[in-house]
Amino acid sequence: MTRKQKRLTVIGGALGFLGLATALTFYALGQKASYFYMPADLQQATLPPGERIRLGGLVEEGTIVRGQGTEVAFSVTDKEKSVKVVFNGLLPDLFREEQGVITEGTFRPDGVFVADSVLAKHDETYMPKEVADSLKAKGVWQESTQ
Amino acid sequence: MIVETGHFALVLAFALALVQSSVPLVGARFGNERMMAVGGPVAITGFAMIALSFAALTIAYVQSDFSVANVWENSHSLKPMLFKITGTWGNHEGSMLLWVLILTFFGAQVAAFGGNLPASLRANVLAVQGWIGAAFMLFILATSNPFARLTPAPFEGRDLNPILQDIGLAIHPPMLYLGYVGFSVCFSFAVAALIDGRIDAAWARWVRPWTLAAWTCLTGGIAMGSYWAYYELGWGGFWFWDPVENASFMPWLAGTALLHSALVMEKRSALKIWTLLLAILTFSLSLLGTFLVRSGVLTSVHAFATDPSRGVFILAILTVFIGGSLALFAFRASSLSAGGIFQPISREGALVLNNLFLTTAAATVLIGTLYPLFIEAVSGDKISVGAPFFNLTFGLLMIPLLAVVPFGPMLAWKRGDLPGAAQRLMFAFGGALLAVLVVLLFVDGATVFAALGAGLAFWLILGALTDIVLKAGIASVKPAVALRRLVGLPRSVFGTALAHLGLGLTVLGIVGVVSLETENIVTMRPGETLQVSGYTLRFEGIQPFKGPNYTEDQGRFVLSGSGGRALGEIVSAKRFYPVRQMPTTEAGIKTLGLSQLYIALGDATADGGVVVRVWWKPMVTLIWLGGLVMMIAGVTSLMDRRLRVGAPAKRARPGLSAS
Amino acid sequence: MLFWVVAALLTLAACLAVLLPLVRRPSVADSGGSHDLEVYRDQLGEVERDASRGLIGAVEAEQARAEIGRRILRVGTPEVVPASPPPAMRAAGMAAVLAVPLVAWGLYAFLGSPDLPSQPLQERLAKNPADSSVDELVARAEAFLSANPKDGRGWDVLAPIYLRIGRAGDAVIAYRNTIAINGATAARESGLGEAIAVAAGGMVSAEAEAAFKRALALEAGNAKAHFYLASALVQEGKLDEAANAWRAMLGALPADSPWRSPTEQAIAEAERRMTVAAGEPKGPSQDEIDAAANMSAQDRAAMIETMVAQLDERLRANPQDAEGWRRLVRSHQVLGNADAARDALQRGVAALGTESEEARGLQAFGASLGLAKTE
């Protein structure tokens, strides 16, 4: 091989690799990114069964039910609609009524959301950004609620 | 008096930064040596001013001077002294001051120890440092002044976020910033070379120690942050692929690539332009990280004290520095002399492969991190890109990279001997194969993935050891000679081997935890026991406890091994900080060998029990021990004599010139 | 003073850092080539080491040496730039020296608070309370109470102080706390009523009235309660009843009571208003509303509307009348027209200047009527 051919091989190999990596990245984005919904958005959206999503909103007042052992049920609301969520595990420290949360999981056929993670950030002024934006858009929540 | 002196010193440092960013630059442009010489003393004085300013703020924290708004917002007179001090940088304003302190510290280092640099390069480097410093000092003074005052002063502060009241805060942010900001020196060198329009042969050698130092600190900062989140958040995870974590990980990946490409540049005068670009990109990613962490544009579980309005300012800084440097690069790169080409099978070929993989991996992480922002801007949809994405893309990229790592040091520069290298690695390969078999056959519940992962980890570890053994000639010469050779090996050889070894340890830890971890969520009443991986855990009950500025409910557990061997007590607690009305979880962790038992308390149930989450985390400590080994590797490499030469001949040791 | 000395010294140091290199003779610069040579020499040494260890073969070593040799040959002498500083440069350098104090002092004058001393907590706590300002004492008491919220004595002391320094809202909370912890007394209940009234801009709301009545139940002769209850009558337009109440109160007051003079003034004011009442347009008075009660529904509505419209008209012409705005807002509210009341409130606040004391009083008054601030 000449010098030039060698160089071309190397460059071609690198480009091929980058192409593969790009393809992989976008394939993975299509497959693995999960969409964020508020309860009211769920009516318009058509979700394939079993699709993983993030569901955000406020923990509705008076809906937290601690079941047998470690199971907890509560409703996530955006003050328009609310969705029942069940979760098996330890709730985050700042999980409270009327507090913003993001849950991640899938819907059961009966319309109950089975969460495998519940997020409430470790900052007392925290309102998850997606939740804050959506609630602000609906006029339910204001920046300075204190 | 002290507070205002600190404030004044900060303003003065800003004025000096303005001088530093202009006068040496003009001097270098017109060849005026006096003006070029201004950079050094100004950089050192600027550092002294910022140090004074930072000290003043720290004193205000120590003395609970609530006439300083920043102290009032983030401190409390009852807080333990350590957290009063660390609280100085446990908030936005203070942490930005720390950022600038470290920046000017590095600038002063360049000024103090850069005597062997060509005057114009030194002047330009200091000027670029001056720009960065001036921009961030202006940011502090304009939007986040830590010296804003309150009259009348309140008599009690609002306390520091309890999550941050931990020894982790003392170490993690300074280390991380040392890493982030350390790369600013590489950036400055790159931009200075672009301004100058020429790259000295010694450029890579001058930049390497900075890269190494920054990389070492960043490695430590990330490892420390990971461990902190692991024990403090009570979720038992060591890495969440959270935007804030990615923000520190991307510069690390790019910095690791830079470390390797600078090596090629130094030895073979190749990859010059690429290395320059990498230096710019690495610091750009550091700036991006600062922006992501400070602005809160992305949802993160770790972001504290975010403020979108300040984010806009940092975004402006980001745009100017990244856009400016890349534009300069595009404008000037063609005029720089390109390096030579080389054989694909050679040390430099292997390092190029390393760069290709690392930068691609960094790009993947970048895309995954910013994709939600992009989608939201385009379609308004909100999506989240989480661990599944990163595990798939990043994981797939890492496997081939890790597989070729041991080959790199085995190959000679210029023209490598691949079959020869493979032959030398036979032993390591055999060991890795053995590890796969052992895991498959003897470890309960191990998957094929776990076995292959363990094999990969052992391949890395044994490959690194093989490198040392061969370079010292331990197998081929008499022990005494081998020992002498071992001692005489350049430190950088040890550095390389240790870094790769540490990487192997981390991989082993990750594989162990991911594939063999067990988790139990149970309700326990006092006196009940739980079997975890051959250990017996007995719940003793809950006791209240009062700390200096918190109260807590401590759950006490007694651990015993097989045959009832007592292994001590584990205390896990739910804490409550009344000033901030915030609860936190204090996980109970027991280290057993390399593994850990991790207990987090949940809510009490109606029947007098408490929900308890118990993890068995096999080999988890290796994740951070590996990071520690990588840090030691960085320090070892830094001590290499080679990094200190590159000085003009008159300073070289006589022995060298005689040879 | 010490601060200024320190600041001047720091500035001097900073200026010197710029000045000294500019006036000092620069050391002889080394040429760039020598750095490169050093690197190449080191590379040669490394090739030797590797070769002697057998890590690279003899042929490779020879090639490497040759390549490094070629690079050494390429090292040229860098072009030397003449280094005589033109006058423009010198001027620029001096400008830089001057820029340091100018920028620093200019910015600091804008940002700093040079007169404010540091205030370490220990020092402040050790200071004799008598030397502290009221604000500081209040701050200390607040700090103490936030740590010990069940301390009744603290709330008892703090409540009237709050009222005196104009923090009526806080006074309401403090009075409620002391009543909850220490139990009700006439002084505390009447204080609570006063705080509520002051917070509402002087209007005695139903809540305040209830507090005053509780005070009177505890101590029939409580002057403060009597005084404010009479004021409530004025609010309702019952000027003569109010004057009578005050007169009765005055009769019962001891000669040295501090309430004497305010009560006398209040009576005089009420009498004055009774004499001019006929000539001045005002909101619907009790008489008018009583009159309206006897009309047909239509007429009544028309009459009230006319009166409200008159008031509105007058306020448009002469908006700097806080009392008038209050009446307008109240009228709308009484008529069950909350939107109009809110509108009037907003217009009133805007007319009085959003930040003014009067506007704030009006806001508070609106709040006491249940008209929440709408934004």
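The figures follow:
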{"item": "So B:Ala56, is it within 30 Å of C:Val97 (Cα to Cα), touching a His at 6+ places or on another chain (Cβ under 8 Å) and in a helix (DSSP H, G or I)", "result": "yes"}
{"item": "B:Val507, sole failed condition from (1) under 34 Å from the mean Cα position of the chain (by Cα); (2) in a strand (DSSP E or B)", "result": "(2)"}
{"item": "Any hit, the stretch C:44-62, residues being over 23 Å from B:Ala421 (Cα atoms) and modelled with pLDDT of 75 or more", "result": "yes"}
{"item": "Hey, A:Ala73 at pLDDT 85 or above, more than 8 Å from chain B (Cβ to nearest Cβ) and under 30 Å from B:Ile163 (Cα atoms) or not", "result": "yes"}
{"item": "Matching residues in the stretch B:601-626 - criterion: being within 13 Å of chain A (Cβ to nearest Cβ) and either β-branched (Val, Ile, Thr) or touching a Gly at 6+ places or on another chain (Cβ under 7 Å) (or both)", "result": "B:Leu601, B:Thr605, B:Val610, B:Val611, B:Val612, B:Arg613, B:Val614, B:Trp615"}
{"item": "Selected residue (criterion: nearest to the other protein chains (Cβ to nearest Cβ)) from residues of the stretch B:120-163 that are among the polar types (S, T, N, Q) and under 26 Å from B:Asp196 (Cβ atoms)", "result": "B:Ser120"}
{"item": "Positions within the stretch B:470-483 being surrounded by 13 or more Cβ atoms within 10 Å (Cβ to Cβ), part of a helix (DSSP H, G or I) and without any contact (Cβ under 8 Å) to a residue 24 or more places away in the chain, in sequence order", "result": "B:Lys471, B:Ala472, B:Val481, B:Ala482, B:Leu483"}
{"item": "Members of the stretch B:41-54 that are more than 7 Å from chain C (Cβ to nearest Cβ) and surrounded by fewer than 24 Cβ atoms within 10 Å (Cβ to Cβ)", "result": "B:Ile44, B:Ala48, B:Ala51, B:Leu52, B:Phe54"}
{"item": "Residue tally, condition more than 10 Å from C:Trp325 (Cα to Cα) and not hydroxyl-bearing (Ser, Thr, Tyr), over the stretch C:347-358", "result": "5"}
{"item": "Qualifying residue in the stretch A:31-41 (condition: closer than 22 Å to B:Phe357 by Cα and modelled with pLDDT under 85)", "result": "yes"}
{"item": "Some residue of the stretch C:122-131 being under 24 Å from the mean Cα position of the chain (by Cα), over 30 Å from C:Ser356 (Cβ atoms) and within 14 Å of chain B (Cβ to nearest Cβ)", "result": "yes"}
{"item": "Near pairs, Cβ below 9 angstrom, 6+ apart or cross-chain, from the stretch C:247-262 (part of a loop (DSSP other than H, G, I, E, B)) to any residue that is surrounded by 10 or more Cβ atoms within 10 Å (Cβ to Cβ) and among the hydroxyl-bearing types (Ser, Thr, Tyr)", "result": "C:Leu253/C:Thr263; C:Ser257/C:Thr263"}
{"item": "Complete set of residues in the stretch B:385-395 that are in a helix (DSSP H, G or I), facing chain A (nearest Cβ under 8 Å) and buried (at least 16 other Cβ atoms within 10 Å of the Cβ)", "result": "B:Phe389, B:Leu392, B:Thr393"}
{"item": "Members of the stretch B:75-90 that are under 25 Å from the mean Cα position of the chain (by Cα) and either hydrophobic (A, V, I, L, M, F, W, C) or in a helix (DSSP H, G or I) (or both)", "result": "B:Leu82, B:Phe83, B:Lys84, B:Ile85, B:Thr86, B:Gly87, B:Thr88, B:Trp89"}
{"item": "Matching residues, the stretch A:51-70, being surrounded by fewer than 19 Cβ atoms within 10 Å (Cβ to Cβ) and modelled with pLDDT of 75 or more", "result": "A:Glu51, A:Arg52, A:Glu61, A:Gly62, A:Thr63, A:Ile64, A:Val65, A:Arg66"}
{"item": "Selection status of B:Leu138, surrounded by fewer than 24 Cβ atoms within 10 Å (Cβ to Cβ) and either outside the structural domain of B:Trp89 (by TED's automatic domain parsing) or at positive phi (or both)", "result": "no"}
{"item": "Restricting the stretch B:342-384 to residues that are outside any helix (DSSP H, G or I) and among the β-branched types (Val, Ile, Thr), the residue that is farthest from the chain's Cα centre (by Cα)", "result": "B:Ile345"}
{"item": "So A:Val76, is it outside any helix (DSSP H, G or I), among the β-branched types (Val, Ile, Thr) and within 23 Å of B:Gly234 (Cβ to Cβ)", "result": "yes"}
{"item": "Only listed residue being more than 14 Å from chain C (Cβ to nearest Cβ), in contact (Cβ under 8 Å) with a residue 60 or more places away in the chain and of a type outside the set (S, T, N, Q), chosen from B:Leu97, B:Leu117, B:Leu101, B:Leu57", "result": "B:Leu97"}
{"item": "Only one of B:Arg122, B:Arg158 that is assigned to a helix (DSSP H, G or I), more than 26 Å from the chain's Cα centre (by Cα), at negative phi and not hydroxyl-bearing (Ser, Thr, Tyr)", "result": "B:Arg122"}
{"item": "Extreme residue, surrounded by the most Cβ atoms within 10 Å (Cβ to Cβ), among residues of the stretch C:163-183 that are over 18 Å from C:Ala211 (Cα atoms) and not β-branched (Val, Ile, Thr)", "result": "C:Arg167"}
{"item": "Entirely in the stretch B:539-592, the strands (runs of 3 or more DSSP E) that have 1 or more residues that are farther than 18 Å from B:Gln165 by Cα and in contact with a strand residue (DSSP E or B) (Cβ under 9 Å, 6 or more places away or on another chain)", "result": "B:551-560, B:566-577, B:588-592"}
{"item": "Selection status of C:Glu207, touching a residue at least 40 places away in the same chain (Cβ under 8 Å) and either assigned to a helix (DSSP H, G or I) or more than 20 Å from C:Glu358 (Cα to Cα) (or both)", "result": "yes"}
{"item": "Residue in the stretch B:30-37 that is away from every other protein chain (no Cβ under 11 Å) and either assigned to a loop (DSSP other than H, G, I, E, B) or at pLDDT 90 or above (or both) present", "result": "no"}
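Quick grid of which residues meet (1) more than 24 Å from B:Pro618 (Cα to Cα); (2) surrounded by fewer than 20 Cβ atoms within 10 Å (Cβ to Cβ); (3) away from chain A (no Cβ under 14 Å); (4) of a type outside the set (Asp, Glu):
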{"position": "B:Lys546", "(1), (2), (3), (4)": "yes, yes, yes, yes"}
{"position": "B:Val571", "(1), (2), (3), (4)": "no, yes, yes, yes"}
{"position": "B:Gly588", "(1), (2), (3), (4)": "no, no, no, yes"}
{"position": "B:Thr591", "(1), (2), (3), (4)": "no, yes, yes, yes"}
{"position": "B:Ile599", "(1), (2), (3), (4)": "no, no, no, yes"}
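The values are calculated or read from the model by the stated rules, or taken from the named source; none is laboratory data. Bear in mind that the values here come from a model prediction, so they are computed numbers and not experimental data. Quick reminder, even Gly has a Cβ in these numbers, built from the backbone with ideal geometry, and neighbours come from all protein chains shown.
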